[in-house]
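Colleague: Please see the structure below; I have some questions.
The values are calculated or read from the model by the stated rules, or taken from the named source; none is laboratory data. Given the structure is predicted, the values throughout are model-derived calculations rather than measurements. Cβ placement follows ideal geometry from the backbone for every residue including glycine, while neighbour counts extend to all protein chains displayed.
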Amino acid sequence: MKRTVLFILPYLALCMSCRASKQTDLTDMHDGYAHDHFYMEAVKMNNDGRYDSAMDLMSFSLDLDTASAASCYTLAQYYMTLAGREAQSEYAAKAEKLLLRAVRLEPDNYWYSRLLAMNYLRQKKNPEALALYEDMISRFPGRTDILMTLAGLYDDAGEYEKELRALERFGKIEDVADELKFQRFACYLQMGELDSAYYESDNPADVIELLMNTTREMIEHAESNLDKMKCRSMLDLVFSFCDVVIRHEPQLAKAYSQKSIAYFWMGENDKALDVLDQGIRNASAKDKPELFNLRGDFHHTLGDMEKMFADYDSTLFYEPDNIAVLNNYAYFMSLEDRELERALEMSARTISAEPYNSTFLDTYAWILFRLKRYKESLEYMEKALKYMETDNADLFEHFGDVLYKCGNVEKAVENWHRAMQLNSSSRTLDIKIREGKYVE
């Protein structure tokens, strides 16, 4: 009898264990079906635009299956939408927690990792995003979108060598290495490897102009002293790049002109003129006019009219049909009552080339005015106003001057007032209006 009991007890234990196991399996199966049901219902509601209800059902489905990476991912998307719409960091934090769980559950799912990285970026957690993207590129080596994002993050972090490696990999995979030259150029420039930067620039002249304009805008918008120091460091770097370009291509005028413009803009006039002198010595004949013209403009700003005229003469020696120089030369001559007939001939060439250019027409009319040919001057002044694209204070003042000399005092004063309303910088305009007559 005792042996029978000993035999039955293990059997009963086994039966009870099997029964409990079956109940567990049935419960798990029930929860799995329930999870799938609520998950699909949540997706349907989301598609119908019933987002709050969808989120509630998705949360319930996740309670039924806490190991569902898909539920974590989908629910995280809802929270990210809320975070973007309501600008509340608590939703971004909830999304991050859910996505971390999804990635932990399914580390080989690209989309889970990608959304987590995007969430980091939206929260400006760049170090976390960078670390995740680096991990992703090791697991998904063929994803070029990861490489380009990595390149941008490396650039933000100042890790230019790593950025170059990411760009190199991207270029090989997509066969677009040539299209990434400017980005590689920027890396080498920031690293101070200026010769390498030069070899990456297909058109150094355009690159220098772009760099100078960008740096100038940065300086103009800099507020703190630290920002200004950074801008000046950047400008010095661009200057150094100009020197490298000059060493490789000493005949390239743009390197000299852009560097001199930057010096002049900073008030370092002697350096600006020295650079132009160097450029005029080295530049090719076809590029010399650009440098002579620029130096002439500088001399005009500095009030040295004789040197200005000499540089304009040199410009026209190399480029006789430069209508911009012809116009400026003629106008400045008229202001000094200097060789007015020659000035008129030069100005006539500009309106022959561009008969609807209001600036050129104004110059021609003004020279006629200085020659006391007032009726002819009025004819061209009216044309200048007719083709004027935007209101110009100088043109209205000149029109008033011509009208006064033609005997129409009332209309002359009216145009002087219009010039004043356009914030004219004329030294005599206020006197003309106050006294109602033309003054030199």
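Colleague: Need at least 1 residues that are farther than 30 Å from residue 74 by Cα per element, so show me which helices (runs of 4 or more DSSP H) inside the stretch 93-200 make the cut, counting only ones lying wholly within it.
Modeller: Hits in the stretch 93-200: 144-157, 160-174, 181-191, 194-200.
Colleague: Condition first: among the acidic types (Asp, Glu), in contact with a helix residue (DSSP H, G or I) (Cβ under 8 Å, 6 or more places away or on another chain) and assigned to a helix (DSSP H, G or I). Can you find one or more residues in the stretch 355-369 that meet it?
Modeller: Checked against the condition, which is being among the acidic types (Asp, Glu), in contact with a helix residue (DSSP H, G or I) (Cβ under 8 Å, 6 or more places away or on another chain) and assigned to a helix (DSSP H, G or I), the stretch 355-369 yields at least one hit.
Colleague: Now, a different point. Answer yes if at least one residue in the stretch 397-418 is farther than 21 Å from residue 435 by Cβ and free of Cβ contacts under 8 Å to residues at least 60 places away in the same chain, and no otherwise.
Modeller: The answer is no, given that none of the residues of the stretch 397-418 is farther than 21 Å from residue 435 by Cβ and free of Cβ contacts under 8 Å to residues at least 60 places away in the same chain.
Colleague: Also: Just give me the residues in the stretch 201-223 being assigned to a loop (DSSP other than H, G, I, E, B), surrounded by 15 or more Cβ atoms within 10 Å (Cβ to Cβ) and at pLDDT 90 or above, in sequence order.
Modeller: If the condition is that a residue be assigned to a loop (DSSP other than H, G, I, E, B), surrounded by 15 or more Cβ atoms within 10 Å (Cβ to Cβ) and at pLDDT 90 or above, then 201 is the only one that fits.
Colleague: Is there a residue in the stretch 272-280 that is out of contact with any helix residue (DSSP H, G or I) (no Cβ under 7 Å at 6 or more places or on another chain) and at pLDDT 95 or above?
Modeller: yes
Colleague: Another question, if that's okay. For the stretch 363-398, how many residues meet the condition of being of a type outside the set (Phe, Trp, Tyr), under 18 Å from residue 349 (Cα atoms) and buried (at least 22 other Cβ atoms within 10 Å of the Cβ)?
Modeller: Matching residues across the stretch 363-398 total 7.
Colleague: Test residue 249 against the criterion of being charged (D, E, K, R), within 27 Å of residue 294 (Cα to Cα), touching a Lys or Arg at 6+ places or on another chain (Cβ under 8 Å) and touching a residue at least 24 places away in the same chain (Cβ under 8 Å), and give yes or no.
Modeller: No.
Colleague: Out of (1) modelled with pLDDT of 90 or more; (2) among the hydrophobic types (A, V, I, L, M, F, W, C); (3) surrounded by fewer than 17 Cβ atoms within 10 Å (Cβ to Cβ), what's the single condition that is false for residue 146?
Modeller: Tallying (1) modelled with pLDDT of 90 or more; (2) among the hydrophobic types (A, V, I, L, M, F, W, C); (3) surrounded by fewer than 17 Cβ atoms within 10 Å (Cβ to Cβ), residue 146 fails exactly one: (3).
Colleague: In addition: Residues of the stretch 293-319 being hydrophobic (A, V, I, L, M, F, W, C) and more than 31 Å from the chain's Cα centre (by Cα), which ones?
Modeller: Hits for the stretch 293-319 are 302, 305, 308, 309, 310, 316, 317.
Colleague: In the stretch 172-193, what residues are touching a Ser or Thr at 6+ places or on another chain (Cβ under 7 Å) and either buried (at least 19 other Cβ atoms within 10 Å of the Cβ) or not assigned by TED's automatic domain parsing to the domain that holds residue 154 (or both)?
Modeller: 185, 188
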